[in-house]
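Quick note: the coordinates plus some simple rules give every number you see, no bench work behind them. Source: prediction; values computed, not measured. We place every Cβ from the backbone using ideal geometry, glycine too, and count neighbours over all the protein chains shown.
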Amino acid sequence: MRGICFEVCDVVLHADAIHRGGGQVIPTARTLIYASQLTAKPSLLEPVYLVEIQAPEQTVSGIYGVLNQKRGHVFQEMQRPGQAFPQCVFDHWEMMMSDPLEAGSQASQLVTDIRKRKGLKEQMTPLSEFEEKL
């Protein structure tokens, strides 16, 4: 998350000192922050690297295959002698154009893969789960 600020303006805490603490505020604040993320049209940022690869001519097809898998673009190509030598430098962050909340989109698939890798439920919790039940 970038460029976000949550301010707690007024809190009514339990009268007994023993019951006052973060346990009264943190669960409610967590629910509020999760719900606000889902209603704020979230998007994913992906890192963009400038990569210089010096390689023999016979390895060029393999390099192009890897670049295509990673959505890479070739800006310049010239012949040089020597062994394969990649060099990466972080350039900037770029917003993914697809919506992570839209089922079947590229960003949604990426979110699902990350959640699976981290051992979380594959489906994101729907907004209705964060609404207060009075």
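Listing for the model above:
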{"item": "Least to most buried among MET78, MET96, MET124, MET1 (fewest other Cβ within 10 Å first)", "result": "MET78, MET1, MET96, MET124"}
{"item": "For the range 86-134: Kirkwood Rh in Å [reciprocal of mean 1/r, alpha carbons]", "result": "13.4"}
{"item": "Three principal axis lengths of the range 3-72 [C-alpha, angstrom, descending]", "result": "75, 26, 17"}
{"item": "Acute angle (nearest 10 degrees) that the helix 22-39 long axis makes with the longest principal axis of the chain, alpha-carbon atoms", "result": "50"}
{"item": "If the convex hull is drawn through the Cα atoms of the chain, its volume per residue in Å³", "result": "188"}
{"item": "Kirkwood Rh, angstrom, the range 1-40 [1 / mean 1/r, Cα pairs]", "result": "11.8"}
{"item": "Residues of the range 20-36 with amide N under 15 Å of a point placed 7 Å along Cα→Cβ from LEU120", "result": "30-36"}
{"item": "Neighbour-count order for ASP91, ASP16, ASP99, fewest beta carbons within 10 angstrom listed first", "result": "ASP16, ASP91, ASP99"}
